[in-house]
Structures are given as C-alpha cells and as structure tokens.
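Working notes, structure below.
Just so it is clear, none of the values below were taken in a lab; they were calculated from the coordinates. On a predicted model such as this, the values are computed, not experimentally measured, just so you know. Cβ atoms come from the backbone with ideal geometry, glycine included; neighbour counts cover every protein chain shown.
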Amino acid sequence: MIRKFATKLALVLTATLAANAAFAEAKQSPAAMALQRKLTAEYPNTKFTSVVEAPVSGLFEVTMGTNVVYMDDSGRYWFFGNVFDTRERKDLTAQRKDEVGASAQEDGGRVDLSKLNKALAIKTVRGSGQRVMYVFSDPNCGYCKQFERSTEALTDVTIYTFVVPFLGDDSYLKTAAIWCSKDKLDAYKKWMLVGVAPEQRSGCTAPTGELARMATAVGIQATPTIISGDGRVQAGAMGLQALNAWLNNSRQNVSLR
C-alpha cells in the first residue's frame, strides 16, 4: 500500500513539475500576447522585446530594448517609474533593467555613421566638443527626459539629437513643433527638462517621415538610443558616470562640422 502511494505521489509530483516547467516556458498570458499585438500594430517602428503581466495587478510590464515601462491592457496609459516590493525590499524595476541590459549587450555591433544625416539633428557643443554622440529621442519618452537631464552635466562633448516620433500621433505633433521652432534646441530643452510644450507653427513642414526612416535604416528600435562617435550603440538611458565612461572609450575619427 505504501509503495503504491509513493508511486502515485511521485507521478503527481512529476506531472506538477512538468506543468510548472511548461508554464514557465509559456509565461506570456493571452492578455499579454494581445497587448503585444496591439502595441506592435500601433507603433510599428518600436520593438517591444517583452510584454508580460506585472507584479502589480492590472498592469503589464513592457520592455523596449533596455527600457522598462508599465501600462494597462488598453496600451493607452503608460507609467514610467520604479516598482518597489516593500515586503521583499527589492526594486523590481531596477532588477528587471539589469536583466534586460545584460541580455541585450547591443554594443557588439556598430552603426555606419554615414547613414546619419546631421542636417536633421539638433546640435549641442560644450567645451572642446571632442567627444561625439548621436541621440535618438522621442519627445514623449520618459526615459529620454531622464537621459536628457544626465547630459546636462556633460563637458567637452558634441551632441547630435535626432527627435523621432516613435510613440504615436502626439509625438509627431511635438516633433514637428520642435523642428519648426525658431530655436530648435531651446524648444527641445524646455519641453524635455521643464515641460513647456513647443508652440505649433503654421507654414512649416517638418521632416518627421525622413527622421523616422533614417532611424529605421540604422536599426533604431527604441528611445533613447545613443550612438558614440565610433559607431557603438547603447539602447536605454545611462546615468552621468556611466555615460562619461562610455564616451571616453570611443575611438573617434569624425568631423565636428
């Protein structure tokens, strides 16, 4: 009797472990798959690496490159910030960013810089300007705004910022308004750092389509994406210290004109 019971228990445990393993492999729920399909259709120029149910009930965790955001099942409302588990005392968002950052390792490939049209960029020069980077930024991207704050303290750098409308219709409107401003850099900075929306101007056609096509041509799938003066690529925002170290590793041979 005991032997039969043990055999049955072993079979039950084996079946349970197999079911758990299958569940782990297929961890994306039908609702998450539906949301990913919706996002892919609405934002074809953005690569949604992963969409899974978040630890917080009713929210989904969405990764785009090394960016992590949260949203509802409609995909309309996006939440930028960190989820902290007070019971386990863990920053779940920081942990997830570390995971996707480690798996991405996108620095291995290099971009052909000749494909970047500097005439479409907002140019910033500080100090000697000897370190060069190219930034793809969406005006409605929360991590882009966070990254923009990090760049404020950079010295001896030339920054070419390509404002690209990746995140929907409002991004197109803001990209066009920034481009058509009398002072593009001032309009961009005021919006990204202070939240002062750029004014819409008539009689001006912004190259939003050309910007989006260029981003796609060099493989940009999410914002912010940073390209160094020697073509290395970093997807996702970096803090000042990490950004300085990354730029200092460049083997640059580029024109600053």
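Listed by Cβ neighbour count within 10 Å, with the fewest neighbours leading, 201, 232 appear as 201, 232.
Report relative contact order for the range 105-190 in percent, whole number only (criteria: Cα-Cα under 8 Å, sequence separation at least 6).
So the answer I get is 33 percent.
Put in order of Cβ neighbour count within 10 Å, fewest first, the listed residues 50, 181, 74 become 74, 50, 181. As a proxy for reagent exposure, 208, 151 were ordered by neighbouring Cβ count within 10 angstrom, fewest first; the result is 208, 151.
In percent, rounded to a whole number, the relative contact order of the range 129-257 is 33, using alpha-carbon pairs under 8 Å and six or more apart. For the pair residue 156 and residue 37 in one chain, pulling the backbone fully straight at 0.36 nm per residue adds 38.5 nm over the alpha carbon distance.
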